[in-house]
Amino acid sequence: MASPTSEQTSLWKYPDFLRLWAGQSLSQFGSAISLFAFPVIAVTVLNASEAEMGVVGFLLRLPMVFFLLFGVLADRVRKRPILIWTDVARFVLLMLIPVAWFADMLTLTWIYGVIFALGLLSTLFQTAYRSYFPFLVPRENFLEGNSKLQLTESAAQTFGPGLAAALLKVVAAPALLVIDAVSYLASAVAVSLIKRPEARPEPDDTTPGQVHKAIWQGMGWVMRHELIRPLAISSAVYSLFILGSMNSIYALYVIRDLGVPAAWFGSILAGGGVGAIIGALVAVKVMRRYAIGKVLVWSMVYGNLALFLIPLAIGPVWASVAMLVVAQLVSGVSSQIFFVTNTTLVQTITPPHLQGRVVASIYSLGLIPAPLGALGAGLLAGALGTRTTLWVVIAVGQLVPIAAMAWSPLAKLIGMPAPDSQ
């Protein structure tokens, strides 16, 4: 794949992209603070029980089932108004919590309602945002743009919770949500300043009442496409066995079985965040140097092989921690390179009229299996132990995605293919 010139690849000359990027960077840091703040508010301010905390966790994840529906909406209307008004609505919603707390009216019912509504709006925003990006950025700049967006998202996920913890020493937990609310307002302003006019999407062959048909057009296209299908399968399997199964018992294994102090656990996880930042920084160079198929397959291989260091961790606590940090770091680098390459490929191939539904289909396949994996891993760990369960889920979570990609036309892909016209 030939390297474009710096003039062709530099997005610093695209003010509209810079506005989108700036707004999203602020919003991502704000969201990281909110994800930290909501459980803290539930526990420390409202004295939530274990069962009530389970409801909080459930409501945080429930809106993901609406991805497919929102994908249809994103393909039928202009996307920029969706981005602006979902940001404004999230600003209003988040401000309800500190206002209710200040008025001594805050209850768990408020928390439940705001979390669910916020999740719905964020799911809609994410669907429209990912399908708006290919319209805003020239095709030859997709890679650089995705790398920049993932860089700030990874930085927010890595440093946001630490920032929130530091702020918690000087302000009450409900007040932290004001920061996220303001970040959404800043994002709305940034998106509203984008100048490129957006045409109304072309109507498809479905009526407003044929939502199921419209959804299947996106999912069916994903599962029929010889390059996208293996990526979708890999995403679903990774979600089930790694995001769901492995992550659900990871803390139990590290703290109870390996005897690692709980205070160190956050530092171990931070290794993955640092790796993701490095991965986002090098993704462009890696993808321009090597064939796309090789980048996808080998980033999956290296990332998953590194995860085997987790059940292999033995010996003194310091040695176990070192192995876990290396596993998180290497996996973070590899997974970020994979994600940037994967996202760029999907955006490049997908026809404009299907961008929203394809994004929604892939997100659904990559997120919905995770809760099932978490449930299964808990049962399996109770029967076999956490270390044995980790061996099983990491092995399956590695071999199936690698096989799905290695024995498909995807593995032989050299450069970016032309956009699909169907």
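At a Förster radius of 51 Å, what calculated FRET efficiency corresponds to the Cβ-Cβ distance of VAL170 and ARG200, to the nearest 0.05? Efficiency, rounded to the nearest 0.05: 0.60. Between the beta carbons of VAL396 and VAL211, assuming R0 = 41 Å, the FRET efficiency works out to 0.75 to the nearest 0.05. How far is it, in nm, from the label point at LEU163 to the one at ALA263 when both lie 7 Å from their Cα along the line to the Cβ? My value for the distance between the label points is 2.5 nm. Restriction of the trypsin sites (Lys or Arg not before Pro) in the range 182-251 to DSSP coil positions whose beta-carbon has at most 11 other beta-carbons within 10 angstrom yields LYS195. Placing +1 on each Lys and Arg Cβ and -1 on each Asp and Glu Cβ, with no other charges, gives the range 211-416 a dipole about its Cα centre of roughly 480 debye. Taking each residue as 0.36 nm, the span from ASN247 to SER49 lengthens on full extension beyond its C-alpha to C-alpha distance by 69.0 nm. Given a Förster radius of 30 Å and the C-beta distance between LEU281 and PHE308 as r, what FRET efficiency does 1/(1 + (r/R0)^6) yield to the nearest 0.05? Step by step, r from the Cβ atoms, then E = 0.75.
Throughout, read-outs are computed from the coordinates displayed, never taken from laboratory work. Treat the numbers as computed from the prediction; the structure is a model and nothing was measured. We place every Cβ from the backbone using ideal geometry, glycine too, and count neighbours over all the protein chains shown.
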